[in-house]
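Structure first, commentary second.
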Amino acid sequence: MTRNSVNRTLSRLYWSLFFILLILLAAKFADDIPGIPTFVVNVAGQLYEFMRDMSLLIATGGVAYLSNLFQKRSKFVESLEEEWRSIVRTKSTLLNFCEKPYLSTDDYLTAFSRISETIDTMRIVYRNAGETDGLIGLYPYAPLHDMRRAIQTLDPRIQPEASSEQRKLVRDCILQCFYALRETFLEELDLEEPDHPLLVSGARRAKVPGAHVSALVRQTYQRSKMDRDPSPRKDISDLLETERAKEKDANGQESSARKS
């Protein structure tokens, strides 16, 4: 269930709830409004009493309906994410094929099978645009077919010797199709910007070696406790102690070089 379908359904639900509450409000105070016939007042009172008695059942049905709605949305998003992963794997397979110095028939068939599978598995996510009972409609994401058309030009059975320029052209065509897909396909996933993005090229870790004093105290306590008990394998302890000392010296030298 797409985002627009969910929003339309929720909008209808909200408006229905609004009108029901409006009717109940009028029924509640119908007897206070002058000029209303007694028959209408009695019917309004009975309607209000009925809705009040059925409120628990109505609320339970509404919760069940919303749960089913969001469950469908969740399953749709999971299928959409899996389809996008398939598209990414397909792109990598096609680019890997274009980068090979010698194009074999087996490699081509693997790449072609991958793009064909991706095109067909789109059917479990979306139907064709403009599809009716009598019309096939249009494939929802045409760049996938463009990727298939581009890779077909490198079929070794038709063109055994593809030049590096032709492979590069096909590679650029696949990337262009993939970028076009990425701009539109991922819009349905309601992606948001990260709260803590790392936007600096060449960024490095800002934290420095060390730990809070409480952790150092616990480490010292555990070390002294372990030192009081003889190790059953002194050779293992000596080996680990030697390697820890080497690692500490190497880290110290690296820190000194970085500061200088």
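Each reported figure results from applying straightforward, stated rules to the coordinates on display, with no laboratory input. This one's a predicted model, so the numbers in the text were calculated from it and none came from an experiment. No Cβ is skipped: glycine too gets one built from the backbone with ideal geometry, and neighbour counts run over all protein chains shown.
Can you give the percent of C-alpha pairs in the stretch 80-189 whose distance is more than 15 Å? Please report the intermediate quantities before stating the final value.
On the way: 3808 of 5995 pairs.
Beyond 15 Å sits 64 percent of the P(r) for the stretch 80-189.
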Q. In whole Hz, what ³J(HN,Hα) sequence does the stretch 5-14 give by Karplus (6.51, -1.76, 1.60; θ = phi - 60°), x for Gly and Pro?
A. 5, 5, 5, 5, 5, 5, 5, 5, 5, 5
Q | Ranked packing of 104-113, 217-226, 201-210, 2-11, most packed first, by mean Cβ within 10 Å | A | 104-113, 2-11, 217-226, 201-210
Q. So who's got an amide H within less than 5 Å of the one on GLU131, skipping anything under 5 residues away but keeping other chains? H placed 1.01 Å off N, in plane.
A. LEU138
Q) How many angstrom lie between the C-alpha centres of the stretch 66-80 and the stretch 139-192? A) 30 Å
Q | Residue-by-residue Karplus 3J(HN,Hα) for the stretch 117-129, coefficients 6.51, -1.76, 1.60, Hz, glycine and proline x | A | 5, 5, 4, 6, 6, 4, 5, 7, 10, 10, 8, 5, 6
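Would you please report the Å³ per residue occupied by the convex hull of the alpha carbon atoms in the chain? Write out the running numbers ahead of the final one.
Numbers: hull volume 101.1 nm³, N = 260.
In the chain, the Cα convex hull volume per residue is 389 Å³.
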Q: Using +1 at the Cβ of each Lys and Arg and -1 at the Cβ of each Asp and Glu in the stretch 80-189, identify which of TYR141, THR93, ILE158 lies farthest towards the dipole's positive end.
A: ILE158
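If a/c stays under 1.5 just call it rounded; otherwise compare a/b with b/c (prolate if a/b is bigger, oblate if not). Do that for the stretch 64-145, with a ≥ b ≥ c from the square roots of the Cα gyration tensor eigenvalues.
Details: a/c = 3.94, a/b = 1.85, b/c = 2.12.
It comes out oblate by the Cα gyration axes.
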Q: Go through the stretch 181-197 residue by residue and turn each phi into a ³J(HN,Hα) via Karplus (6.51, -1.76, 1.60, θ = phi - 60°); whole Hz please, and just put x for glycine and proline.
A: 5, 5, 5, 10, 5, 7, 4, 6, 8, 6, 6, 10, 5, x, 5, 10, x
**Q.** Pairwise Lys count, the chain - Cα closer than 26 Å, eight or more residues apart or different chains
**A.** 14
Q.
Of ASN251, VAL125, ILE33, which is farthest towards the positive pole of the chain's charge dipole, taken about the Cα centre with +1 and -1 on the beta-carbons of Lys, Arg and Asp, Glu respectively?
A. ASN251
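Using a simple charge model, +1 on the beta-carbon of Lys and Arg, -1 on the beta-carbon of Asp and Glu, nothing else, what dipole does the chain show about its Cα centre, in debye to the nearest 20? Working shown, then result.
Working: 36 positive and 36 negative charges, 177 e Å.
Rounded to the nearest 20 debye, it is 860 debye.
Compute the relative contact order of the chain as a whole-number percentage, counting only Cα pairs closer than 8 Å that sit 6 or more residues apart in sequence. Present the calculation step by step, with values, prior to reporting the outcome.
Values: 122 pairs, mean separation 38.2, N = 260.
Relative contact order for the chain comes out at 15 percent.
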